[in-house]
Every structure is written in structure tokens, then in C-alpha cells.
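Here's the structure we're looking at; comments come further down.
The values are calculated or read from the model by the stated rules, or taken from the named source; none is laboratory data. Small disclaimer: the values here were computed from a predicted structure and weren't measured. Reconstructed Cβ throughout: ideal geometry from the backbone, glycine too, with neighbour counts over all protein chains shown.
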Amino acid sequence: MAAVCLAALWGWAADAPAGEGPDRFEFRETHMGSEFKLVVYCNDEALASRAARAAFDRVAGLDATLSDYKVDSELMRLSDRAGGPPVAVSDDLFEVLRRSRELSERTGGAFDVTINPVVKLWRRARRDGTLPPRDRLDEALSRVGWEKLVLDPGARTVRLTLEGMRLDVGGIAKGYASDAALAEVRRLGITRALVAGAGDVVAGDPPPGRDGWTVGIAPLDPARRPGRFLSLSNAAVSTSGDAERYVEIDGVRYSHIVDPRSGLGLTGRSSVTVVAPDGTTSDGLATALSVLGPDRGLALAEEAEGVEALIVSAAGDGDGDRTTVRATGGFGAMLGEGPGASEPGTVPTLGGPEP
Ligand code: ADP
Ligand code: MG
């Protein structure tokens, strides 16, 4: 049985009191198979709308560049040329691949954007409800390896050294797009803004009179309301976990996040929340830490500058199962109050359907 669930992060933000200070504007559009939300505070409605248009257009442009669903995206056309000579690419594609490769090095390959051949088999498994055969997984794995992704910053070219390699930036693209969207809003002079692309949230300056944007961390059970709240400004937070997308086969839940060593979807239920200076980092690290698990994952987060992480893991698969919660030393200091009755301006669930 294939099952699909939604939403990892919830968020709230307070309205400015009526008649004082800037107004709050909220916009939503669906891109990259997820609902992107933008909240801004400013004095000028027309400017807010213009900022939203610029932000969403930027995300749409990145979708056209980075999609591994659209056959004519720049990423797909690059994959089509695997095994051939270096290919000149756009600044955005180069930057996403550069950041991805850096993350592969830091995580010992737990994060790997060359994982697409394996991910494709698991997408089919989600549709059919049957496990990918081991020989197919091994064949796909033979075409995976971040070391075979060769970047030349001077020439801004990319070479996939092995024929049959294919890229998938699904573990980092929404964070990158959220960063880019916030940059558009800031470019138009609005500083108090928040962009949320499903489980990836990037915050600018806080709402008026507040220390930060309140962002709720969803519990393992996506039907429940958040129990922990972050106070976030000029930083990003991402959640990765099997609450969003998984397939259950013979009683085992396989996540859409794959361990590149085994080619298997992760089976230990977990929800990983990472706070980082930007959304590209938080998104990529949340995926990577899911693969690494609490011991290695939290050690890596402790070392990284401006990064804190929280990992909630469950032993079983049902409601009420025992969960363990582990976090980096500084995570507790990032937690804030939940949305109180004094906060009427609720930003609803951050989440959206998969493509
Ligand atoms: P979501 O897209 O649900 O927010 P993630 O950011 O964790 O979740 O990204 C998961 C996606 O990343 C998968 O759907 C797949 O496209 C890709 N992926 C899966 N495993 C890995 C991995 N080990 N390294 C990099 N990307 C991965
Ligand atoms: Mg991710």
C-alpha cells in the first residue's frame, strides 16, 4: 500500500495591531509541487504585491531550471549529456550543484544529488506498492556517485563523468528557491519577510515589535499540532522526514529519502529539523542528517557554523509509540513561545502536495 502524507512544519506570525505600523500581507502560489507562502510587513500594498510577483516568478524560473520531472529543464538536459564533455550551465544550476557537492563532501556522501537513478526506482515503488528488485537497485547504484560530478568554477561547466548518471536536486532545491525568493523581496526594499516552501522556511527581519517569526515544528504524527516553536529571524529552518512521503510495503515504511550506500529508502521513522543561516543549507542538511542518523548527524551539526538540529525518532510505526528526541546543545535556545491568544494573524500549515 502506498501512502502519502503532508506537511512537516507549521508556522504562525503575529499581525501588527490595527492602525499602527506596517500592514501584514500574505501570498501563496504553488511551485515545485509545493505551496510557497510569502508573508511581508510593509506600508505599501502595491509594493507588497510587486515583491510577491518577483518572488514567485523567481521560484517558477528555478523550477524550470532544476526540475527532475520536466523533461526539458536545464538539469534534465545536463543529465542527458552524462558521459560526454563538460557542459556550460546557468549560474543557478552551477550554484546548486556546487553547494550540493560541498554537502556530499561534508557528509561522507550521505547527501548525494547523483542519487536520481535510485530515487526513480523508489518513485515507481510508491506508485506500485512493491519493493524495487535488488538487482535493479544495484544497477542504479552503479550509476550513482558525487565524486563523478565534476565542477569547473572558472569555466562554469559541469561534467557527469559516467554515462547513465542522472541528477536530482529535490533534497536542496526548495531551500535554494526560498533563499532566492527572499532575496527578491529584499531587493525591493522589504526587510520584514518570511518565505515558506513547504517544509523549508527562510526568514528575514522579524514582524514589527517581535524578536522573531514563530515557526512550529510538527510532531512525527502529521495530524497533530506542533508542540515546539522556534523564534526565527534572518535564518532558515527545514524539516525532513517520512511524515511527508513514504511507501509501506509488507509492514515496513520506506522514506522518499534514500541511503546512497544501500540504495534503500530510510526505514527508521524520524523527523529532522535543522536551523541554519540560509535555506539551501538547512534543506540539504535536513536531508543529510536523516540519512546519517542522530549520532553522526548531530555531531556534524555541532561542528557547522550557525547550525542547530533536532531529531525526533520513533521505534515503531504507530501512534503513541516511544519517541526519542535529541538535539544539538544550542537548539533549546532557539525555541520560543507558541502562538498565544494575542496573536490573531495565524499563518496556517506550511506544507503542500507532491507533484
Ligand atoms: P522534501 O522534498 O519532502 O522536503 P527533502 O528535502 O528531505 O524532503 O528531500 C527529499 C528528496 O531528496 C527526495 O524526494 C529525493 O528527490 C532527494 N533525495 C533522496 N535521498 C537523497 C540523498 N541521500 N541525498 C540527496 N538527495 C536525496
Ligand atoms: Mg532537504
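Can you tell me which residue is nearest to Glu29 (Cα to Cα) among those in region 193-218 that are surrounded by fewer than 24 Cβ atoms within 10 Å (Cβ to Cβ) and over 17 Å from the mean Cα position of the chain (by Cα)?
In this case the residue turns out to be Gly204.
Considering (1) touching a residue at least 60 places away in the same chain (Cβ under 8 Å); (2) under 23 Å from Gly33 (Cβ atoms); (3) surrounded by 21 or more Cβ atoms within 10 Å (Cβ to Cβ), say which one Leu232 fails and leave the rest.
Answer for Leu232: the failing condition is (2).
Based on what the data block shows, is Val113 assigned to a strand (DSSP E or B), in contact with a Ser or Thr (Cβ under 7 Å, 6 or more places away or on another chain) and within 16 Å of ligand 2 (Cβ to nearest atom)?
Values: assigned to a strand (DSSP E or B): no; in contact with a Ser or Thr (Cβ under 7 Å, 6 or more places away or on another chain): yes; within 16 Å of ligand 2 (Cβ to nearest atom): yes.
The answer is no for Val113.
Would it be correct to say that Arg126 is of a type in the set (Lys, Arg) and in a helix (DSSP H, G or I)? Write out each step before concluding.
Working: of a type in the set (Lys, Arg): yes; in a helix (DSSP H, G or I): yes.
Considered against the rule, which asks whether it is of a type in the set (Lys, Arg) and in a helix (DSSP H, G or I), Arg126 comes out as yes.
Of the residues Arg126, Arg134, only one is charged (D, E, K, R), over 24 Å from Ala155 (Cβ atoms) and buried (at least 18 other Cβ atoms within 10 Å of the Cβ); which?
The match here is Arg126.
Quick check on region 139-149. Is at least one of its residues modelled with pLDDT of 95 or more, in a helix (DSSP H, G or I) and within 20 Å of the chain's Cα centre (by Cα)? Lay out the reasoning, then the answer.
Taking region 139-149 first, the residues modelled with pLDDT of 95 or more are 139-149.
Add one more test, that the residue is in a helix (DSSP H, G or I), and what stays is 139-141, 146-148.
Cutting the leftovers down to within 20 Å of the chain's Cα centre (by Cα) gives us 146.
Yes, region 139-149 contains a residue that is modelled with pLDDT of 95 or more, in a helix (DSSP H, G or I) and within 20 Å of the chain's Cα centre (by Cα).
Can you give me the number of residues within region 228-260 that are within 13 Å of ligand 2 (Cβ to nearest atom) and of a type outside the set (D, E, K, R)?
The number of residues fulfilling the criteria is 10.
Looking at (1) crowded, with 24+ Cβ neighbours inside 10 Å; (2) assigned to a strand (DSSP E or B), which one does Glu248 not meet, given that it meets all the others?
(1)
Determine which single condition Arg186 fails, assuming it passes every other condition in (1) away from ligand 1 (no atom under 14 Å from the Cβ); (2) within 22 Å of Thr239 (Cα to Cα); (3) basic (Lys, Arg).
(2)
Taking only pairs six or more apart or across chains, which ones have beta-carbon atoms under 6 Å, a first residue in region 179-204 that is farther than 19 Å from Glu45 by Cβ, and a second residue that is among the acidic types (Asp, Glu) and within 16 Å of ligand 2 (Cβ to nearest atom)?
Asp179/Asp278; Asp200/Asp283; Val202/Asp179
Taking the condition farther than 22 Å from Ala51 by Cα and either of a type in the set (A, V, I, L, M) or surrounded by fewer than 24 Cβ atoms within 10 Å (Cβ to Cβ) (or both), does Thr267 pass?
So Thr267 passes the test.
Take region 261-284 and flag every residue that is farther than 18 Å from Leu182 by Cβ, of a type outside the set (Gly, Ala, Ser) and within 14 Å of ligand 2 (Cβ to nearest atom).
Leu266, Val272, Thr273
For region 69-105, give me each residue that is aromatic (Phe, Trp, Tyr), under 14 Å from Gly170 (Cβ atoms) and modelled with pLDDT of 95 or more.
The answer is none; no residue qualifies.
Please specify each residue of region 285-300 satisfying the condition of being free of Cβ contacts under 8 Å to residues at least 40 places away in the same chain and either surrounded by 24 or more Cβ atoms within 10 Å (Cβ to Cβ) or within 16 Å of ligand 2 (Cβ to nearest atom) (or both).
Gly293, Gly297
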